[in-house]
Structures are given as structure tokens and as C-alpha cells.
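To start, the structure under review is shown below, and the notes come after it.
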Amino acid sequence: MNFELSSEQKLIRDSARDFANNELLPGVIERDELKQFPQSQIKKMGEMGFMGMMVNPKYGGGGMDTVSYILAMEEISKIDASCSVIMSVNNSLVCWGIEKYGTDEQKNKFLPELASGKIIGAFCLSEPEAGSDATSQKTTAKDMGDHYLLNGTKNWITNGSTASVYLVIAQTDIEKGHKGINAFIVEKSFDGVTIGPRENKLGIRSSDTTSIMFSDVVVPKENRIGDDGFGFKFAMKTLEGGRIGIAAQALGIAAGAYELSLKYAKERKAFGKEIIKHQAIAFKLADMATEIDCGRLLCIKAGWQKDNDIDYSQTGSMAKLYCAEKAMRITTEAVQIHGGYGFVKEYHVERLMRDAKITQIYEGTSEIQKIVISRFILK
Amino acid sequence: MNILVCISCVPDTTSKINFTQNKKKLDEEGITFIINPYDEFCLTKAIFMKESSGANVTVISVGDSKSESVLRKALAIGADNAVRINADSDSSKSVANLIADYCSKNKFDIIFCGRESIDFNGGQVPGFIAAKLNLPFINSCVGLDYTDDKINAKREIDSGHEMCECSLPAVVAGQKGLVEEKDLKIPSMRGIMTARTKPLEILDPESTYNNNIEILELSKPSERSDCKIISEDNVGELVQLLHKEAKVI
């Protein structure tokens, strides 16, 4: 048993930290307020290799392990959770999904550009009436012999308008239920793809979330991922890995709020001494530090299991549930520690509090994580 | 062109400094070590030279295994190979002699060192290296142009700048200005991955060198007291405080 990170993992963490402070911190408040997509920041993240960290180097990726990815996700999320969700979707859903289950042709065609961040991808599962209940897909892909004809609407799609490649889950045979679901690689340039307006969100406001409409979109047969009927399993397996990324994002949001609170509590004076010297504040920080350490250990355990081909779905769900719930609690406490200053934008913690909320919702709500975990413990 | 960048492994600037019980050494417990910032300016300049004209960049550090992590970072930033001389780095003279020994066996056109290290601030290593190798030495370098056989350097001096030219090989002690802080490189994921396969050679010292100086005790500077602001029309109070409290007049 060894809790020490390797020197390479520490270097990756420190590089992500330096990058986030140098490149993502400037303008983060304005991007949030104005819903500005972090175009130049994402380009730089691509150049730094953050957009395809775990992809095999032969496809232009970093060839890093999942633990390294978690460390980088945490550091990026401390500063800008909008950038980190774009990174998470591209890495752990789109790149991982194609690399794990795609054909050689699909990998060669799409991974080099996705992994280098030259283009970004999106994962299209949710629908207006299919969120947690992912089996009730209304989007259809009709088998036309030499191609599929895709019709339907997807909702809450991260990177909706900025992605060039979409992984789309659709029903090909309604009779077969979830075994009649398939996943397809759809390019934005295909005829019949329409992007909806950007959502005006509570948090992660500078990431672009849209709906996407598919109207008689011709999808070549070779763009189907896996065997016929593999789509639902593909979506579930991909989300299992995605959860580790979102857990690390929630962890980063919490850790970012904690670090700001610790710094503030050492500087701010009340009743003649620094507020950290008041037990009421010191105990809040002690709880935060403990919870962040627990969350980090869960994330790293899930990543370690994934890296060692051990089933990580239960730990991944525990990590996501725990980190998301704690992110919400810790960021709320961070605003409390900052008092009136915490309630205004320039102190960052109110943004982190708004950003934390989505981690309890997307890539499986906290309630869905509890279903997953309880299925394991009831086995 | 072959460039050697000498790297000192120093405590992070935000570290809380404590000493071992006998007060003769730094207590390394909980300390993060980084590339000495002055050395990092030199390393970045060397990488720029590599990118513009294909120089080969070697990084060298004298010290124990903890300096390997900073050497790996230097490789990830773009250095081609790294050398660690497995010896105590407490004495400037010893460090300089060991590096000079390495240089006498391996040909380098420019030997870069940071002007000083931010831990002990001796500022002696580059001068010692130049003296031992009998090479020209440019100290406090804030700008550098080069051709195959000479360099034009800009030095910071008390009253301004000094421009000078010297033949190669030469020892250059650099500082901010050689490159700017914004130019400093953060290792990319590809750089970190590539660094895995770059050589990091560990050499045992062939000779031992003695500084003839013994550290008797290390101590921290006294804590700064709060700043007092006295209004400009209250000179009397200022004089009183300088005399009675600060005891400087």
C-alpha cells in the first residue's frame, strides 16, 4: 500500500495548477458573467495536452493514467469549472468512448484531432423526456440498408455548439427496448444537424450547453459504434468512466473554495484577531479539509481501479456522489466564511457555489449514484 | 551548439522554513522543491535557443535523489538529457568543482547558471566554474544574442546596463531579463510523456572538494512588525518612534 503519488503524477498536477493560475484565472469572472465560451483557453488546453490526456500517444494523446487525469481535473476545476467540464466531456466520454469501443478506422479518423483539442466532441444522451431514465430514448435511427436515418432532439448537451463531433445515442429498434439502442458518431457538418440556442445557466455559465436537433440526418453505417444493439451498454460504460472525471471536477470546485477560504480566514480580522483563530471558523475549515481528503482518496481509488482493470463502477459512483454533495456543502460554507465578501463576484466563492450544483445533477444525479451503489451492496 | 544548464534544487518560495535540531541544516520535512528561479530563466533561454537553432540542451544538478524531480521537469520542458551528480550540495565550491569536472570531459559551448540560488544565495557557483575551466564569465546577464563562436551579452550593472562580447565557450550567469517571467514554460502533457524516455544519468563524484567553511548555525530573520503610518504633519511623532522604538536615531 502506498499513498505517495509518482514524481510524474506530481509534475502533471503542478503543471495543471500553474496552467490554471496563469491561463484560466485571468477573466474567469467575466467569462462566467457574460456566458463567454473560453475559446482561446480551450485552444491552449489542447496545446498543453489536457484534452486527450489518457488517449494512446499513437493517436496524439498523452498516454497518461486515470490518476493523472484526476489530478489535472482537480487543479483545472479549482480555477474554472466551465473549462473543466469541457475537458471532462472531451476526455472521458468522447475520446475514451471512441478509443475503447471504436473501430480502427473511427479511431484513426477522429482521435488525433479530438485528443489534441483541435476539435472538441460532445456526448448526446439526454433528451427532453429522457434524463436519468436513459432507456426511454425518443431519438430514432432507422436502418436504411447502407446508412441510418437519424431523427430526434437531444437536450443539455455540453459543448453543443462548439463541438465538431457528436456521439449520439438513438433507438434503432423500439421492440428490443434498451437492446435496440445504438451509438453513432455524427459530424456537425452532416445535413440536418441543427444547434439550439445556448442555455442561460445557474453555473458553469461559460461552457456552452444547447439542445441539438437531428432531422433526417444520413449517418453512414461505419459510424455506428460497436455491434448492433450495443448503444445502451456503450452509454452506461462511458458514463461510468465519466463519473470519475465529474467527481474530480466536484473535488476541484470544493478544494478551490477551501483554499480561498483558508487564505481569507488567515487575513480577515474580527474581534481583534484573524477569523481562523475563532473556533467557529477553524472548525468549518477542519471539516472542509477532512471531506476534501476523503473525496480525493475516493477519486484516486476509482482511477487506480480503472488503471488496473478492476471494476470501478461502484467506487466511481461513490466518488461522484460524495464529491458532488461535499462540493455543494463546502462551497456554501466558503461563502459563509467570506461573509458579505463571499456574496459578491470578485471573491470567486459564489461562482464556485453556483458551479457546484451541476455536479449533483449531470452524468448521473446523486440519486442515480445511490441506486448504483445500493445495487452493489444489495448483491 | 551544446548548452549546459546548471540547476539547483531549492525550496518552493512559499515554503515554511525550519531547521534541523542542531540548526545546521534545512529541515526538509514537508518542503516542496523547485527549479531555482534564476536557473529557470536560463533553462528557458536555452530551450528558446534549441527551438530557433537546434541546440542540444543538457541539464545538470549536484545533489541527492530529490533533485531528480526537478531534472525531470527540465526534461519535460524540453531539455534533451539530464545528469545528476550524486554528492552533497551544501558547498558552492564543491558543486562548482564537480560541474567543472563534468564539463572538462564533455564539450559545451555555453554553460548557463542562475546568478544565485534562492536558498543560500551564495552566487559563487558560476564564477567558480569559469575560474576552474579558465573560461570567460558573464555575470548578471539580462540579454543574450549569439553566433556559432561568440555571444553578445547585456549585463545588469549598478548604474544601468553593460554590453559585452565574448568568445565561446563561456559561462553565463543569468537572471530575469534573459527571458521574462511570462516566457517561462509549463511542461505540457506531451513533454512530460516524452521526458519518460529521455536519459537521466546519475554519476558518482570522482573527487571530493572541501569548502573549508563550516556552518555553525542557521537562524530565521526576525519577524517584521506591523507597519505604522504617520501623517506627514506629525514629524515629532516620527522622530520619537525612530528614536525610542526603532532605536535607529
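The values are calculated or read from the model by the stated rules, or taken from the named source; none is laboratory data. On a predicted model such as this, the values are computed, not experimentally measured, just so you know. All Cβ positions, glycine included, derive from the backbone under ideal geometry; neighbour counts span all protein chains shown.
Points worth noting:
- Selected residue (only one of A:346, A:325, A:367, A:350 is in contact (Cβ under 8 Å) with a residue 40 or more places away in the chain, within 19 Å of residue A:285 (Cβ to Cβ) and in a helix (DSSP H, G or I)): A:325
- Matching residues, region B:161-216, being farther than 24 Å from residue B:37 by Cα and small (Gly, Ala, Ser): B:167, B:207
- Selected residue (criterion: farthest from the other protein chains (Cβ to nearest Cβ)) from residues of region B:21-36 that are among the polar types (S, T, N, Q) and touching a strand residue (DSSP E or B) at 6+ places or on another chain (Cβ under 9 Å): B:36
- Taking region A:61-71 as the range and being within 14 Å of residue B:188 (Cα to Cα) and either of a type in the set (Lys, Arg) or more than 16 Å from the chain's Cα centre (by Cα) (or both) as the test, the residues that pass are A:61, A:62, A:63, A:64.
- Any hit, region B:37-47, residues being without any contact (Cβ under 8 Å) to a residue 60 or more places away in the chain, away from chain A (no Cβ under 14 Å) and over 13 Å from the mean Cα position of the chain (by Cα): no
- From the list A:58, A:43, the lone residue that is more than 10 Å from every other protein chain (Cβ to nearest Cβ) and either within 14 Å of residue B:190 (Cβ to Cβ) or of a type in the set (Val, Ile, Thr) (or both) is A:58.
- Filtered by the rule that a residue be modelled with pLDDT under 95, more than 14 Å from chain A (Cβ to nearest Cβ) and surrounded by fewer than 15 Cβ atoms within 10 Å (Cβ to Cβ), region B:177-210 gives B:206, B:207, B:208, B:210.
- Scanning region A:65-80 for residues that are buried (at least 24 other Cβ atoms within 10 Å of the Cβ) and assigned to a loop (DSSP other than H, G, I, E, B) yields one hit, A:80.
- Region B:50-79: number of residues that are away from every other protein chain (no Cβ under 14 Å), buried (at least 17 other Cβ atoms within 10 Å of the Cβ) and assigned to a loop (DSSP other than H, G, I, E, B): 2
- When residues of region A:260-277 are limited to those that are of a type outside the set (A, V, I, L, M) and exposed (fewer than 14 other Cβ atoms within 10 Å of the Cβ), the one nearest to residue A:69 (Cα to Cα): A:263
- Being assigned to a loop (DSSP other than H, G, I, E, B), modelled with pLDDT under 90 and more than 22 Å from the chain's Cα centre (by Cα) is a property that residue B:229 has.
- Region B:213-228 - residue that is without any contact (Cβ under 8 Å) to a residue 60 or more places away in the chain and not acidic (Asp, Glu) and, of those, surrounded by the most Cβ atoms within 10 Å (Cβ to Cβ): B:228
- Filter result (more than 24 Å from the chain's Cα centre (by Cα), in contact (Cβ under 8 Å) with a residue 40 or more places away in the chain and not in a helix (DSSP H, G or I)) within region A:215-237: A:215, A:216, A:217, A:218, A:219, A:220, A:228, A:229
- Being in contact (Cβ under 8 Å) with a residue 60 or more places away in the chain, surrounded by 19 or more Cβ atoms within 10 Å (Cβ to Cβ) and under 19 Å from the mean Cα position of the chain (by Cα) holds for only one residue in B:130, B:170, B:153, and it is B:170.
- A single entry from A:240, A:259 fulfils the requirement of being under 29 Å from residue A:364 (Cβ atoms) and under 21 Å from the mean Cα position of the chain (by Cα): A:240.
- Selection within region A:1-31: residues that are of a type in the set (Lys, Arg) and within 18 Å of residue A:53 (Cα to Cα). The member of this set that is farthest from the other protein chains (Cβ to nearest Cβ) is A:13.
- Meets criteria (within 29 Å of residue A:223 (Cβ to Cβ), buried (at least 22 other Cβ atoms within 10 Å of the Cβ), within 14 Å of chain B (Cβ to nearest Cβ) and touching a Phe, Trp or Tyr at 6+ places or on another chain (Cβ under 7 Å)) for residue A:87: yes
- Some residue of region A:243-253 being touching a residue at least 24 places away in the same chain (Cβ under 8 Å), surrounded by fewer than 22 Cβ atoms within 10 Å (Cβ to Cβ) and either of a type in the set (Val, Ile, Thr) or closer than 27 Å to residue A:317 by Cα (or both): no
- When the strands (runs of 3 or more DSSP E) confined to region A:99-191 are screened for residues that are touching a residue at least 40 places away in the same chain (Cβ under 8 Å) and crowded, with 19+ Cβ neighbours inside 10 Å, those reaching at least 3 such residues are found at A:121-124, A:147-158, A:165-171, A:181-187.
- Checking each residue in region B:80-118 for being in contact (Cβ under 8 Å) with a residue 40 or more places away in the chain, assigned to a loop (DSSP other than H, G, I, E, B), more than 15 Å from the chain's Cα centre (by Cα) and farther than 20 Å from residue B:172 by Cα picks out B:86, B:87.
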